[in-house]
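Notes to accompany the following structure.
The values are calculated or read from the model by the stated rules, or taken from the named source; none is laboratory data. Please read these numbers as outputs of a predicted model, since none were measured by experiment. Cβ coordinates were reconstructed from backbone atoms using ideal geometry, including for glycine residues, and neighbour counts include every protein chain displayed. The protein model used for the area step is the full one, side chains on, heavy atoms only, and it has no ligands, DNA or RNA in it. Shrake-Rupley method; radii C 1.70, N 1.55, O 1.52, S 1.80 Å.
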Amino acid sequence: MTPFSYQRPDSIDQAIALAGADSRYIAGGTNLLDLMKENVLQPRRLIDINGLPLHDIEETAGGGLMIGALVSNADLAWHPQIEQRYPLLAKAILAGASPQLRNMASTGGNLLQRTRCYYFYDTATPCNKREPGSGCPARDGRNRIHAILGASAACVAVHPSDMCVALAALEAQVHVDGPHGQRRIAIEDFHRLPGEHPERDNTLGAGELIVGIELPGEGYASHCAYLKLRDRASYAFALVSVAAALELDGKTIRRARIALGGVAHKPWRIEAAEELLCGKRAEQQCFATAAERLLQGAQPLADNAFKIELARRAIVRALSEAAGGTVR
Amino acid sequence: MSENPSAAGAIGTCTITLVLNGEHRRLEVQPWTTLLDLLRDPLGLSGTKKGCDHGQCGACTVLLNGRRINSCLTLAVMHDGAELTTIEGLARGAELHPMQAAFVRHDAFQCGYCTPGQICSAVGLASERCGYSREEIREYMSGNLCRCGAYPNILAAIEEALPAVRGQKQEDAR
């Protein structure tokens with residue numbers, strides 16, 4: 001690791017005042033330190049935010065929950081309110097990483113994970129995300145794990161998080177604080193597609209700090225499923241994952257939320273696909289129609305065409321599982 | 001701002017205190033020293049292994065405030081005041097920890113390199129709300145790889161020892 005200085009502020013205001021172009025906030029550090037060991041990132045200063053008062057999970061006036069940015073992934077997944085009211089989120093978190101990593105990784109940091117594209121990690125190769133303008137070897141290189149949706153000429157990386165896929169389906173809000181004050185960002189608008197600026201994973205401004213994630217009151221607790229498909233049974237990133245949530249009236253779908261992981265630069269959600277399910281009977285045929293709509297425009301690379309059919313079937317299966325009732 | 005000298009932001013040595021295997025230690029660390037490197041090199045606690053150094057293999061698993069973590073992916077300076085238990089701190093004198101004894105009884109290793117991490121991880125699992133079936137143990141031990149493939153015996157050892165370790169923890173908590 002390249003040497004850096006270390007600071008540990010006690011308050012959010014202090015942390016934000018310390019932030020600059022040469023610094024990074026560190027919480028769990030499970031991804032940041034890995035990237036620093038590989039020299040993908042070389043901050044001159046680390047600002048340790050673990051002393052900030054962002055460790056709690058509290059009910060909001062609107063009937064939802066506010067999750068402090070420093071709550072660990074493990075504490076979040078096993079929190080009674082999350083297990084009971086938002087099992088989709090608990091399932092997604094427990095599908096990711098390992099128990100050791102979940103004990104360290106923070107909620108805010110999970111949103112800020114970088115892609116696991118091999119070329120992004122390998123400083124001996126070009127990468128537009130790491131070094132803007134240097135090129136993308138993945139597009140014509142090894143791209144089995146890469147994007148089938150929303151990619152650009154500059155970048156075909158995918159976002160690695162499971163948690164964020166569930167947050168997208170649950171329509172969470174990201175609360176941030178920064179040099180220009182506090183604001184809320186819908187999860188939909190937090191991560192971005194690569195376009196011509198793949199170096200920007202998200203819409204956070206300079207010095208902005210995630211302080212919490214707000215879940216709305218509706219958690220789709222009785223009919224949800226998180227399906228993750230990967231190269232081994234555990235502890236691997238998703239090739240395709242699906243967060244499916246339904247609100248049913250008997251057999252009729254009143255509301256549906258579907259988000260995909262492992263297929264794009266951000267959790268992939270198409271509201272038009274969800275609307276196709278409204279008022280329909282919860283059965284395979286309409287699930288397949290929704291899957292078609294979600295995958296409309298999918299463009300495979302040389303090694304990942306399998307992801308399109310895998311995603312199609314995974315969507316139908318996840319929706320079928322959700323319709324059958326949440327498996328507790 | 002914290003009273004730690006590091007708060008000033010200088011590149012240099014920081015002082016931290018740890019309760020390391022039950023012993024209070026005052027230590028000088030550089031900000032970029034991982035917990036794993038602190039344990040192995042200056043402290044000579046080489047039971048904690050460096051496998052991949054990227055959080056993928058679990059050989060460096062230790063118990064930080066009772067919870068299992070990868071010591072390779074965290075900085076020592078971040079844990080001022082923490083309680084840390086490594087494989088060296090599990091036995092009580094000459095008496096092996098029940099999880100260690102189970103690993104010996106089941107011959108749950110071949111080369112032994114992953115073993116300290118496996119054992120610390122399994123002891124951490126005993127404090128969690130999971131691991132109550134063979135399938136769950138397999139899933140919740142997936143962060144510890146064994147290149148020799150000793151998994152069947154590792155699983156048998158953990159399955160046998162978990163109830164006793166859980167019971168001991170509950171007693172200690174009283």
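For A:Ser241, the conditions (1) among the polar types (S, T, N, Q); (2) in contact with a strand residue (DSSP E or B) (Cβ under 8 Å, 6 or more places away or on another chain); (3) open to solvent by 10 Å² or more (accessible area, probe 1.4 Å) all hold with the exception of (3).
Being within 13 Å of chain B (Cβ to nearest Cβ), out of contact with any Leu (no Cβ under 7 Å at 6 or more places or on another chain) and surrounded by 22 or more Cβ atoms within 10 Å (Cβ to Cβ): is that true of A:Leu46 here?
Working: within 13 Å of chain B (Cβ to nearest Cβ): yes; out of contact with any Leu (no Cβ under 7 Å at 6 or more places or on another chain): yes; surrounded by 22 or more Cβ atoms within 10 Å (Cβ to Cβ): yes.
In short, yes.
All conditions in (1) within 12 Å of chain A (Cβ to nearest Cβ); (2) open to solvent by 10 Å² or more (accessible area, probe 1.4 Å) hold for B:Gly51, with the sole exception of (1).
Residue-by-condition table, conditions (1) surrounded by 23 or more Cβ atoms within 10 Å (Cβ to Cβ); (2) within 14 Å of chain B (Cβ to nearest Cβ); (3) more than 29 Å from B:Cys130 (Cα to Cα):
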{"position": "A:Glu59", "(1), (2), (3)": "no, no, no"}
{"position": "A:Pro80", "(1), (2), (3)": "no, yes, no"}
{"position": "A:Glu83", "(1), (2), (3)": "no, yes, no"}
{"position": "A:Leu112", "(1), (2), (3)": "no, no, no"}
{"position": "A:Cys117", "(1), (2), (3)": "yes, no, yes"}
{"position": "A:Thr123", "(1), (2), (3)": "no, no, yes"}
{"position": "A:Pro126", "(1), (2), (3)": "no, no, yes"}
{"position": "A:Ala154", "(1), (2), (3)": "no, no, yes"}
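Hey, among the residues in segment B:34-68 that are within 21 Å of A:Arg116 (Cα to Cα) and among the hydrophobic types (A, V, I, L, M, F, W, C), which one's farthest from the chain's Cα centre (by Cα)? Ranking the qualifying residues of segment B:34-68, first place goes to B:Cys52.
Being open to solvent by 40 Å² or more (accessible area, probe 1.4 Å) and either touching a Gly at 6+ places or on another chain (Cβ under 6 Å) or modelled with pLDDT of 95 or more (or both) is true for just one of A:Pro198, A:Pro194, A:Pro216, A:Pro267. Which residue is that?
Details: A:Pro198 fails: open to solvent by 40 Å² or more (accessible area, probe 1.4 Å); A:Pro194 fails: open to solvent by 40 Å² or more (accessible area, probe 1.4 Å); A:Pro267 fails: open to solvent by 40 Å² or more (accessible area, probe 1.4 Å).
Exactly one residue qualifies, and that residue is A:Pro216.
Scan segment B:54-78 residue by residue and report those that are open to solvent by 10 Å² or more (accessible area, probe 1.4 Å), part of a loop (DSSP other than H, G, I, E, B) and hydrophobic (A, V, I, L, M, F, W, C). If the condition is that a residue be open to solvent by 10 Å² or more (accessible area, probe 1.4 Å), part of a loop (DSSP other than H, G, I, E, B) and hydrophobic (A, V, I, L, M, F, W, C), then B:Cys57 is the only one that fits. Where helices (runs of 4 or more DSSP H) fall entirely within segment A:41-115, those with at least 2 residues that are at pLDDT 95 or above and closer than 21 Å to A:Gly217 by Cα are at A:73-77, A:80-85, A:87-94, A:107-111.
Residues of segment A:1-31 that are more than 16 Å from A:Pro53 (Cα to Cα), more than 7 Å from chain B (Cβ to nearest Cβ) and among the small types (Gly, Ala, Ser): A:Ala17, A:Ala19, A:Gly20, A:Ala21, A:Ser23.
In this structure, does A:Leu319 turn out to be open to solvent by less than 80 Å² (accessible area, probe 1.4 Å), more than 20 Å from the chain's Cα centre (by Cα) and closer than 16 Å to A:Arg255 by Cα? If you could, list the steps in order and put the result at the bottom.
Numbers: open to solvent by less than 80 Å² (accessible area, probe 1.4 Å): yes; more than 20 Å from the chain's Cα centre (by Cα): no; closer than 16 Å to A:Arg255 by Cα: yes.
In short, no.
Restricting attention to segment A:32-41, which residues are within 11 Å of chain B (Cβ to nearest Cβ) and without any contact (Cβ under 8 Å) to a residue 60 or more places away in the chain?
Residues of segment A:32-41 within 11 Å of chain B (Cβ to nearest Cβ): A:32-38.
If the condition is that a residue be within 11 Å of chain B (Cβ to nearest Cβ) and without any contact (Cβ under 8 Å) to a residue 60 or more places away in the chain, then A:Leu33, A:Asp34, A:Met36, A:Lys37 are the ones that fit.
Checked against (1) within 30 Å of A:Leu227 (Cα to Cα); (2) open to solvent by 50 Å² or more (accessible area, probe 1.4 Å); (3) among the charged types (D, E, K, R), A:Asp22 meets all criteria but (1).
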